[in-house]
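Values in this text are rule-based calculations from the coordinates and carry no lab data. Since the model is a prediction, treat every value here as computed from it, not as a measurement. Every residue, glycine as well, gets a Cβ built from its backbone with ideal geometry; the counts of neighbours run over all protein chains shown.
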Amino acid sequence: MADSDIDDNIDDPLTRWWQSPLGHAVLKQEQQLFQSVPEHFHGYYQLQVGGEINLLPEMVMPKFKRRMGKSADVAGANEALPFKSKSLDTLLLSHILEFSADPHQVLREAERVLVGDGTMIICCFNPWSLWGVRRLFSRKISAPWNGHFFGKSRIKDWLSLLNFDVIACEKLMFRPPVKSEKWLQRAVKFDTLGHRFWPIFSGVKVLVATKRTVPLTPVAQRWRPGQIFPKKSLVTKPATRDKINGPS
């Protein structure tokens, strides 16, 4: 696919919003989070899909560390990742589900390219927050309010159907979604208070899920006679014909 085709599919208003003070504040908090929890990223092959900046932690140095998106290392479609099946160890989806025409297909592709026990990290806006309220009362024609905000329970249900276990949920961005950089700086204290008093109302949630593996070889168990034949004390002796008919 040519670079011009990729650029035509990019939502320019969304790109501009990520470069705004509010969008930049979200990306900065996500970047700081991933730098502080590098244990979520493992393996030799790691890919970030979406996001205007590199969110993969710098202290983790895999053999393959790429970002797919506009002006990034790799060009491709989110619903058809240009990678072989079971070829990636860690996959980071940076606010991809909200703006995808087929979020289920995005997750199916993620499952396809991840190895067994691979990790998928999903950054998404929380509908049960001030950000969700802002979207509810907006005209939904400007970014990011034109996206679809999915709740944690729904995403967990989708992941469960694809054989994923959610092992962690990080919460970010308790500041109200205001445009002014000045007011964003004044609302920094909301992040500390939110983590302590109302964590479920974070503007952004980060889900960490692991792809389950099912053993192909059944585990052999030691054979014991008692498992097949009951104990003698539990066996009722059959009634003889003499006992049934009685003495003649």
* Among the residues of the stretch 60-77, write down those that are surrounded by 20 or more Cβ atoms within 10 Å (Cβ to Cβ) and in contact with a strand residue (DSSP E or B) (Cβ under 6 Å, 6 or more places away or on another chain). => Arg67, Met68
* Selection count where residues are part of a loop (DSSP other than H, G, I, E, B) and acidic (Asp, Glu), scope the stretch 21-74 -> 3
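Yes or no, residue by residue, for (1) touching a helix residue (DSSP H, G or I) at 6+ places or on another chain (Cβ under 6 Å); (2) without any contact (Cβ under 8 Å) to a residue 24 or more places away in the chain; (3) more than 13 Å from Leu47 (Cβ to Cβ):
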| site | (1), (2), (3) |
| --- | --- |
| Ser94 | no, no, no |
| Leu97 | yes, no, yes |
| Ser100 | yes, yes, yes |
| Leu107 | yes, no, yes |
| Glu111 | no, no, yes |
| Val115 | no, no, no |
| Thr119 | no, no, no |
| Trp128 | no, no, yes |
| Phe137 | no, yes, yes |
* Structure fact -> Checked pairs for the stretch 156-177, first among the aliphatic types (A, V, I, L, M), second in a loop (DSSP other than H, G, I, E, B), C-beta under 9 Å and 6 or more apart or across chains, list as Ala168/Val37; Leu172/Ser202; Leu172/Gly203; Met173/Asn126; Met173/Ser129; Met173/Ser202; Met173/Gly203
* Quick one: which residue in Ala168, Ala209 is hydrophobic (A, V, I, L, M, F, W, C) and over 15 Å from Glu30 (Cβ atoms)? => Ala209
* Structure fact -> Taking the stretch 34-50 and keeping only residues that are out of contact with any Phe, Trp or Tyr (no Cβ under 8 Å at 6 or more places or on another chain) and buried (at least 19 other Cβ atoms within 10 Å of the Cβ), one is left with Gln48, Val49, Gly50
* Can you name the helices (runs of 4 or more DSSP H) wholly within the stretch 100-194 that have at least 3 residues being touching an Asp or Glu at 6+ places or on another chain (Cβ under 8 Å)? -> 103-113
